Structures are given as structure tokens and as C-alpha cells.
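Have a look at the structure below, then the notes.
Just so you know, all these numbers are worked out from the coordinates, no wet-lab data involved. No experiment lies behind these values; they were computed from the predicted model shown. Positions of Cβ are backbone-derived with ideal geometry, glycine not excepted, and every protein chain shown enters the neighbour counts.
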Amino acid sequence: MTEVKETPLKKVLIIVAKANIEDVYAGLIMANGAVMEGIEAKLFFTFFGLDAITKKYMNKLHTSTVGNPGMRMPGGLPFPTLLGAIPGVEAGVSAMMKKQMDELDVPPVDEFLDMITAGGGEIYACKMAADMFKLTKDDLSDHVEAIITVGDLYAMSGGEGTQIIFT
Amino acid sequence: MAEKNLAGKTVEVTEEGYLVNTGDWSKEIAAEMAKEDGIELTDKHYEVLDYLRKEQAAGATLTIRKVGKSGITDIKGLYQLFPGGPLKLSSKYAGIPKPASCV
């Protein structure tokens, strides 16, 4: 018989590459959940995910009302894609989502970064994406530890019980 | 469910060590639970525990954000008081059920 050895999770690196509310919050909630469990967490934002740590955009994230099959009208009827394309609809739906999250004590992005870093979590930006979008450290939230390369990211990923999660 | 002797009293606890009956709680039980995890409870710790017990009794869903806004301590302080489990450990020592929220 082989002996089963449990290796508890010790460290997670979470990569966020999209700017939708749901993609960003999935990463934030997982990172915050990790530090609350005593698991070391590092968040790495790349491509459009950089919006979530860019001062100018971080608290203005949207969800997509076009081409999103999970979107439904209140009551459960399908949400027509063409309706989602009307100006203002996406902003309204996004505001509603944020309100619902606030009721569950899920904070705005900047406050969420406060919570994660208060627990020892670390926030990083991807160098290539930052270069591409012409962003410097000054454009990014003060919670951002550094702008790093993918090599730096892998260098942080060592150790037993480490997982990399791409949301 | 299991029985455990804490501070000279036999109480029912869950597999993870949370009190089954909130009413069994006492400051001494809290201190002994914390000691098992290597934490010495101070007045600040008890303030947090009292707050959690009060909120839980009122039916609130507990989150670290709420505790951070309670005025007792901020979130960083909460992590320092209960290392590795700001909400899980504090809930355990407060004698209330394991937190069921994701934040």
C-alpha cells in the first residue's frame, strides 16, 4: 500500500489578466481568503487586469453586458445582448453588482487591496503589460509592491505547497 | 462532535475545536483555547471576542472588514492579534461557530 502524504497549501500566486468586475474580484477574494487562512498570497496583475491596480480605473471596473451568457434580467429572463449594448446599461448593471457585493461586506477594490496587504499579501504588476499600456509605478496603487517580469514571478513560486492560479 | 475538558469544564466541541454551545463559553475557556495555539489573550483580544459574540448574537454575518470598522482594531491589528486566522481563531476563542463568510 502506498502512503498518502497530505501537503497543505502554503503559498498561492494568483494571476489576474482581465478587467471585468468578476475576474478581478475572483482574484481578490481568493487572495484575501488565503491570507485569512494563514496562506501566503501574491497577486500578479497583467494585461487588462492592470486596470484593477491603476489608480484612475481601479474603482470604476465594469462587468460586460455584451456577450455574457450569465447575464439575466431581474427575475431570471435572458438579458438580450443588444440591450446590453445600449449606452449606460453596462454602467447601471456594474453599479448594481457593486451594491450587491457591498451588502455582503465585499469592499471596493482599493479597500480590498488594503485588507489583503494588511494580512501580508503582496501585489505585483506585470512589466510587459505595464510597458504596453505605458504605465509607471506612479500610475499604480500604492499597494503595488513592484513591477516585475514573468521570471521574477516564477522566482517567487518556489517551495513545497505552492500553487499558481490563473483566473 | 467530541467532548473536551477546558478550564475545568467538560464542553462539546466540533472536530475543528469550536464550541457547540455558545453558552458554554467563559473567559477562562477562551484563554485555554488560545494557549493551545500559543496565543496569550490580552484585554484587546477580549474586546474583539466580546464584539464578535455580540454581533453573532444579533445574527450578523461576521467578516474581517466589519471587525476592522468596529473601532477596536484595524485589519492589520486583527492579523497581529490572531496570527494566521484573524476571523477563524477569534471566532473559535469567542465560542461562536466557524465563520461562514468568504471575506
request  = Residues being within 16 Å of the chain's Cα centre (by Cα) and touching a residue at least 24 places away in the same chain (Cβ under 8 Å): count how many of those fall in segment A:104-129.
outcome  = 17
ask   = For residues in segment A:130-147 being of a type in the set (A, V, I, L, M, F, W, C) and under 17 Å from the mean Cα position of the chain (by Cα), which is surrounded by the fewest Cβ atoms within 10 Å (Cβ to Cβ)?
value = A:146
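Here is a yes/no grid of residues against (1) among the hydroxyl-bearing types (Ser, Thr, Tyr); (2) within 14 Å of chain B (Cβ to nearest Cβ); (3) surrounded by 19 or more Cβ atoms within 10 Å (Cβ to Cβ); (4) in a loop (DSSP other than H, G, I, E, B):
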{"residue": "A:35", "(1), (2), (3), (4)": "no, yes, yes, no"}
{"residue": "A:44", "(1), (2), (3), (4)": "no, no, yes, no"}
{"residue": "A:60", "(1), (2), (3), (4)": "no, no, no, yes"}
{"residue": "A:65", "(1), (2), (3), (4)": "yes, no, yes, yes"}
{"residue": "A:69", "(1), (2), (3), (4)": "no, no, no, yes"}
remark   = Over segment B:51-70, the set of residues farther than 15 Å from residue A:32 by Cβ and outside any helix (DSSP H, G or I) is B:58, B:59, B:60, B:61, B:69, B:70
request  = Residues being facing another protein chain (nearest Cβ under 9 Å) and on the phi < 0 side of the Ramachandran plot: count how many of those fall in segment B:63-84.
outcome  = 12
key: Complete set of residues in segment B:75-103 that are without any contact (Cβ under 8 Å) to a residue 60 or more places away in the chain and over 21 Å from residue A:40 (Cβ atoms)   = B:100, B:101
message = Please list, ordered by residue number, the helices (runs of 4 or more DSSP H) wholly in segment A:90-166 having 2 or more residues that are closer than 19 Å to residue A:32 by Cβ and within 14 Å of chain B (Cβ to nearest Cβ).
response = A:109-118
ask   = Taking segment A:10-33 as the search range and keeping residues that are small (Gly, Ala, Ser) and surrounded by fewer than 20 Cβ atoms within 10 Å (Cβ to Cβ), which one is nearest to the other protein chains (Cβ to nearest Cβ)?
value = A:33
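Okay, residues lined up against (1) surrounded by 17 or more Cβ atoms within 10 Å (Cβ to Cβ); (2) among the β-branched types (Val, Ile, Thr); (3) more than 18 Å from residue A:105 (Cβ to Cβ):
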| site | (1), (2), (3) |
| --- | --- |
| B:28 | no, no, yes |
| B:31 | yes, no, yes |
| B:34 | yes, no, yes |
| B:63 | yes, yes, no |
| B:68 | yes, no, no |
| B:76 | no, no, no |
| B:84 | no, no, yes |
| B:92 | yes, no, yes |
| B:100 | no, no, no |
